[in-house]
Amino acid sequence: MSSQLVTEITYFVLAIFVGFEVISKVPTILHTPLMSGSNAIHGIILVGALIIAAGAQTPLQVVLGFVAVVLATTNVVGGFVVTDRMLEMFKGRRQPGSGGPAADGAPSSRSDRG
Amino acid sequence: MAILTAFVYLLAAVLFIVGLKFLSSPPGARRGNQIAALGMLIAIGWTVIVLGRTFTPAGIAISVAGVAIGTVIGAVGARRVQMTAMPQMVALFNGVGGGAAALVAVSELLRLSGSQPDFQTGVPSVFAIIVGGISFAGSAVAFAKLQELMTGTPLTYPGQQLVNGLLALVIVVLAVVLLAVTGQPVVFVAMLVLALLLGVAFVLPIGGADMPVVISLLNAFTGLAVAASGFVLNNFALIVAGTLVGASGTLLTKLMSDAMGRSIGNVLFGAFGQVQAGPEGGGQTGDRSVRAGSADDIGTMLAYSRKVVIVPGYGLAVAQAQHAVRELADLLEKRGVEVEYAIHPVAGRMPGHMNVLLAEANVPYEQLKEMDEVNGQFQNTDVALVVGANDVVNPAARSSPGSPIYGMPILNVDESRNVVFLKRSMRPGFAGIDNDLLYDPKTIMLFGDAKDSLTRLVAAVKAA
């Protein structure tokens, strides 16, 4: 077993623990955006797709490289943009204390209609 | 150069981890996504620089064209998609990543032109092809089910598990042949085709309501396939980022199925939501009476309540009624009614679906109550207003052990003094089972599109 493989396995095992640890406490409301965000991160396969595309020579390699780059780019771009759109929805929250629902039923004068 | 590359990839990995951390809490979530995107840009940009002169002319052409086309598909698809269709969009973006991982491994094996791969290349290649292929095809089926291109109900036939098991066995045999006997392309191409078949066969028997869990699992699969491609290419960035997603995705899948009160195994192999011809099935529903109310009656009842709890469900999303529901809530608050929203963890098609929709309509965060928080309060609630939800309030989950949803935590709206259902029809919910609460004497139905009904209720409350 080469020392490079040993190093790679080390990264692999440590990354498993980091992956578990980093999201261990997530509120339910963020499950969907988090899934979508991590979905974008595995778009890193574009790095691999570019590596095989760069060396493409035979027609078969060209086709495979091309398809892989298209698929991986779609994963990256679509993944980040769709996650951003989901999270954009959260920004409309009021600042704490400025417009929360008053317990005695005197709400702030919000009148924008959908 | 190699050392610099290692540091750049390390920087990208750190940005991914920090990004995921931020994504786990509401205030920083959006920034977290941006941080991760920055990491991605750095990793990809640096890769292009390093590859620099090694690009063949054809390589330049396909890279530029491929990135351009993928960017257009991804950006346009993500921008155009309706909020209600988000889940299937995520499935699609996940599937293409799995497909890319499988193709990277196929390309590397092809470079050996038929000679047998060594252990270090062979094992991760096999893994990337199988798992990436399953993820690609499985995500496509998940997309088709959620997009209603095909039926959302589980497709089952006798001996299905056996057939799927045999399929998996043949794939394993091919993997062994590839590693121990011959590296001929026909072997790994056959393996890829069978992996695609298995992906389809694996998702077919799972009902549409369980798709979020499946998508999350396939997301973890793609992460692992990407990590495997990293081992094939000896690329640190792929290994670390792929593994991060594989691990966090697996945990997230567990959290999601926990939220439904079921095990992952039950979700995947339980053929949940199958139409069951049990003794409790049809018989008793036909002759029971339902109380349908007018918008005016219900509006008056709401206007003179002290406390109203709104329970949103998928119907709210379909009708795009989030602004209408907020208008009603604001109106009631002005009259001194206490209004809260009860959010079931799996209301809608994905966890968090309702929060995203209501946040879009600027519903104050503090009014959104999670299930555990709100369940004790229904006894003091005058009206529970159920907008397009069904399974998540079905008391059968507590009371009838024979029911497919038995054991799932539900919102106890049946404990409130009155229940109002805004529903299009008497049709059962996504799980395909009848809800006794609809026939309860204290339940009033208001039939119609959720947005129309809410608009009528707003008018009625104004008049009251």
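Hey, if you put +1 on the Cβ of every Lys and Arg and -1 on every Asp and Glu Cβ in the protein assembly as shown, which of A:I44, B:L155, B:L179 ends up farthest toward the positive end of that dipole?
Ranked along the dipole, the leading option is A:I44.
Based on alpha-carbon positions alone, could you give the equivalent ellipsoid semi-axes of chain B from the gyration tensor, as √(5λ), descending, whole Å?
Gyration-tensor ellipsoid for chain B: 48, 27, 17 Å.
Using the alpha carbon gyration tensor of segment B:395-461, what are the three equivalent-ellipsoid semi-axes (square root of 5 times each eigenvalue), largest first, in whole Å? Working shown, then result.
Numbers: eigenvalues 126, 38, 18 Å².
They are 25, 14, 9 Å, listed from largest to smallest.
Beta carbons within 10 angstrom, averaged per residue: use that to sort the peptides A:62-74, B:319-331, highest first.
Details: A:62-74: 25.3, B:319-331: 23.6.
Output ranking for A:62-74, B:319-331: A:62-74, B:319-331.
Order by neighbour count: B:R456, B:R53, B:R79, fewest other Cβ atoms within 10 Å first, most last. Please report the intermediate quantities before stating the final value.
Details: B:R456 19, B:R53 6, B:R79 11.
Ordered by Cβ neighbours within 10 Å, fewest first: B:R53, B:R79, B:R456.
Starting from the Cα of B:K254, draw a straight line to each of the lysines and keep only those under 16 Å, dropping any in the same chain fewer than 8 residues away.
A:K25
Evaluate the distance, in nm, between pseudo-label points positioned 7 Å from the Cα of B:Q160 and of B:F119 along their respective Cα→Cβ axes.
Label at B:Q160, label at B:F119, 4.0 nm between them.
Largest first and to the nearest Å, give the Cα extent of segment B:1-147 along each principal axis.
49, 39, 31
In terms of Cα to Cα distance under 17 Å, which lysines are near enough to B:K442, apart from those fewer than 8 places away along the same chain?
Straight-distance partners of B:K442: B:K307, B:K423.
Taking B:K451 as the anchor, which aspartates and glutamates have their alpha carbon closer than 13 Å to its alpha carbon, excluding any fewer than eight residues away along the same chain?
B:E327
How big is D for segment A:1-71, in µm² s⁻¹ as a whole number, if Stokes-Einstein is applied with the Kirkwood radius of its Cα pairs at 4 °C and 1.567 mPa s?
Answer, rounded: 86 µm²/s.
Taking chain B as the reference, fit the longest principal axis to its C-alpha atoms, fit the long axis of helix B:160-180 to the helix C-alpha atoms, and give the angle between the two in degrees, 0 to 90, nearest 10.
Approximately 20 degrees, to the nearest ten.
Full extension from B:D297 to B:T54: what is 0.36 nm times the residue separation minus their Cα-Cα distance, to one decimal in nm?
Contour length minus Cα-Cα distance gives 80.0 nm.
Take every residue in peptide B:225-234, count the Cβ atoms of other chains within 10 Å of its Cβ, and give the average of those counts. Spell out each step's value before the answer.
Details: counts 2, 10, 8, 1, 8, 7, 4, 2, 4, 5.
Counting Cβ atoms of other protein chains within 10 Å of each residue's Cβ and averaging gives 5.
Across peptide B:77-85, what mean number of C-beta atoms from other chains lies inside 10 Å of a residue's C-beta?
If you average over the peptide's residues, the count of other-chain Cβ atoms is 3.
Please report the orientation-averaged projected area of the protein assembly as shown, defined via the convex hull of its C-alpha atoms, in nm². Let's see the in-between values first.
Details: hull surface 106.2 nm².
The Cα convex hull of the protein assembly as shown, projected and averaged over all directions, gives 26.6 nm².
What do you get for the angle between helix B:185-203 and the principal long axis of chain B? Use alpha-carbon atoms, 0 to 90 degrees, nearest ten.
Approximately 10 degrees, to the nearest 10.
Highest mean first, what order results for B:417-424, B:40-47 on Cβ atoms within 10 Å?
Ranking, from highest mean packing down: B:417-424, B:40-47.
Which value at 222 nm does chain B reach when only helices count, each DSSP H run of 4 or more adding -39,500 (n - 2.57), with the total divided by all residues and rounded to the nearest 500 deg cm²/dmol?
-19500 deg cm²/dmol
Bear in mind these aren't lab numbers, they're just calculated from the coordinates by the rules spelled out. Please read all numbers here as calculations on a predicted model, not as lab measurements. Virtual Cβ from ideal backbone geometry, glycine too; neighbours counted across all protein chains shown.
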